[in-house]
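Novice: Here's a structure for you.
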Amino acid sequence: MKEYFQLIALAWENKKYRRRLRRLELEKLGGFTWYRGLMRVLQRTYRWRGAFALSRASRRKISLPESDLIYGETLPLTAYDLLTHIGIDHADHIVECGGGTSVFSLVAVSAFGCRATVLEIVPDFVKKTREVVARLGLNRLHVKQADMLVEPLPEGTLYYLTGTTFSDESWKTLQRQMAAAPVGATAISLSVQLDSKAWELKETLTLPYSWGENTVFIQKRI
Ligand SMILES: C[S@@+](CC[C@H](N)C(=O)[O-])C[C@H]1O[C@@H](n2cnc3c(N)ncnc32)[C@H](O)[C@@H]1O
């Protein structure tokens, strides 16, 4: 019973935290046409079934460790601040490894005009992201239904890895997959660093995510 009340208190705290971030986001990005358009389309697309419910429902159908499919999301403001900090532009090609609603890539393409490829294993996320892309007319964003632990990763200039909850085995496999990244590419990984023999750590940041503050590692392929 005590645990139940602790869970309710945590959920309530998270709701307050997200509301505060949403206010900040509106203050900072609310004046941009691309942001208002993106939020309108995302709300419409996930109106009947939110991303968390969609991800939960997929767990029974996909044979990956359950922890790999725990859902959490990059907030649009975090994506915007991170991409601004790194200094990307239209010449960049982002590879988002496990996209969910693909907010990171959607912000990158809408606000910075770069190209993005999203790899996502859950078919419903792929379908919905394609709908969002079509509604916004973002022809530089490509979504592929793929298991990123098996399929070769495309060549990009910036890789985004949100493996916070991944099992050790999956994280090791993803690290091996990252050998395909060209020298000079940037990788942003949450919670866990990539192998320092192949990736030089440039910077460590702490940024807000849907679940709370998270460590973000920015690395360069050597
Ligand atoms: C924590 S969510 C992050 C989503 C997104 N990158 C973001 O930051 O908002 C991780 C996503 O990776 C997807 N995923 C997990 N394992 C995968 C795999 N082996 N191949 C492709 N996608 C995977 C999950 O379905 C989920 O949508």
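Novice: Only one of Thr129, Thr101, Thr84 is under 29 Å from Ile218 (Cβ atoms) and not in a helix (DSSP H, G or I); which?
Specialist: Thr101 is the lone residue from the list that is under 29 Å from Ile218 (Cβ atoms) and not in a helix (DSSP H, G or I).
Novice: Here's another thing I want to ask about it. Looking only at region 107-127, which residues are closer than 18 Å to Arg36 by Cβ and either out of contact with any Gly (no Cβ under 9 Å at 6 or more places or on another chain) or free of Cβ contacts under 8 Å to residues at least 60 places away in the same chain (or both)?
Specialist: Answer for region 107-127, where residues must be closer than 18 Å to Arg36 by Cβ and either out of contact with any Gly (no Cβ under 9 Å at 6 or more places or on another chain) or free of Cβ contacts under 8 Å to residues at least 60 places away in the same chain (or both): Val107, Ala108, Val109, Ala111, Phe112, Gly113.
Novice: Checking the structure you have, find out if any residue of region 174-197 is part of a strand (DSSP E or B) and farther than 24 Å from Ile70 by Cα.
Specialist: yes
Novice: Residue check, Tyr160 against (1) part of a helix (DSSP H, G or I); (2) crowded, with 21+ Cβ neighbours inside 10 Å, all met but one. Which one?
Specialist: (1)
Novice: All but one of (1) more than 9 Å from the ligand (Cβ to nearest atom); (2) within 17 Å of Tyr159 (Cβ to Cβ) hold for Gly98; state the number of the condition that does not hold.
Specialist: With (1) more than 9 Å from the ligand (Cβ to nearest atom); (2) within 17 Å of Tyr159 (Cβ to Cβ) applied to Gly98, the lone miss is (1).
Novice: Now a separate question. Quick check: anything in region 141-148 in contact (Cβ under 8 Å) with a residue 40 or more places away in the chain, within 23 Å of Gln219 (Cβ to Cβ) and not charged (D, E, K, R)?
Specialist: The answer is yes; a qualifying residue exists.
Novice: Can you name the residue in region 141-167 that is closer than 22 Å to Lys128 by Cα and in contact with an Asp or Glu (Cβ under 7 Å, 6 or more places away or on another chain) and is also nearest to the ligand (Cβ to nearest atom) among such residues?
Specialist: Tyr160
Novice: Looking only at region 175-221, which residues are without any contact (Cβ under 8 Å) to a residue 12 or more places away in the chain and under 30 Å from Arg23 (Cα atoms)?
Specialist: Residues satisfying the conditions are Thr206, Glu213.
Novice: In region 38-65, what residues are surrounded by 14 or more Cβ atoms within 10 Å (Cβ to Cβ) and away from the ligand (no atom under 13 Å from the Cβ)?
Specialist: Answer for region 38-65, where residues must be surrounded by 14 or more Cβ atoms within 10 Å (Cβ to Cβ) and away from the ligand (no atom under 13 Å from the Cβ): Leu38, Met39, Val41, Thr45.
Novice: Could you list, in sequence order, the residues of region 19-37 that are buried (at least 16 other Cβ atoms within 10 Å of the Cβ) and either under 19 Å from Gly72 (Cβ atoms) or aromatic (Phe, Trp, Tyr) (or both)?
Specialist: Scanning region 19-37 gives Leu21, Glu25, Trp34, Tyr35.
Novice: Write out, first by first residue and then by second, each pair whose Cβ atoms fall under 7 Å of each other, whose residues are 6+ apart or on separate chains, and whose first residue, in region 69-94, is under 30 Å from Ser167 (Cβ atoms) and within 14 Å of the ligand (Cβ to nearest atom) while the second is among the polar types (S, T, N, Q) and not in a loop (DSSP other than H, G, I, E, B).
Specialist: So the pair list comes out as Leu69/Ser55; Leu69/Ser58; Tyr71/Ser55; Ile94/Ser105.
Novice: Oh, and also: Limited to region 1-60, what total is found for residues that are among the hydrophobic types (A, V, I, L, M, F, W, C) and farther than 22 Å from Gly113 by Cα?
Specialist: Count: 16.
Let's see how each residue does on (1) modelled with pLDDT under 95; (2) closer than 22 Å to Pro208 by Cα:
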| position | (1), (2) |
| --- | --- |
| Arg44 | no, no |
| Arg47 | no, no |
| Asp89 | yes, no |
| Gly99 | no, yes |
| Ser102 | no, yes |
| Gly113 | no, no |
| Thr117 | no, no |
| Val126 | no, no |
| Arg130 | no, no |
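Novice: Still on this structure: Looking at region 210-217, can you tell me whether even one residue there is touching a strand residue (DSSP E or B) at 6+ places or on another chain (Cβ under 7 Å) and buried (at least 22 other Cβ atoms within 10 Å of the Cβ)?
Specialist: no
Novice: Any chance region 50-68 includes a residue that's modelled with pLDDT of 95 or more and over 26 Å from Leu149 (Cα atoms)?
Specialist: No, region 50-68 has no match at all.
The values are calculated or read from the model by the stated rules, or taken from the named source; none is laboratory data. Model, not experiment: these values are computed from the prediction. A quick note on method: Cβ atoms are made from the backbone with ideal geometry, for glycine too, and the neighbour counts reach across all protein chains shown.
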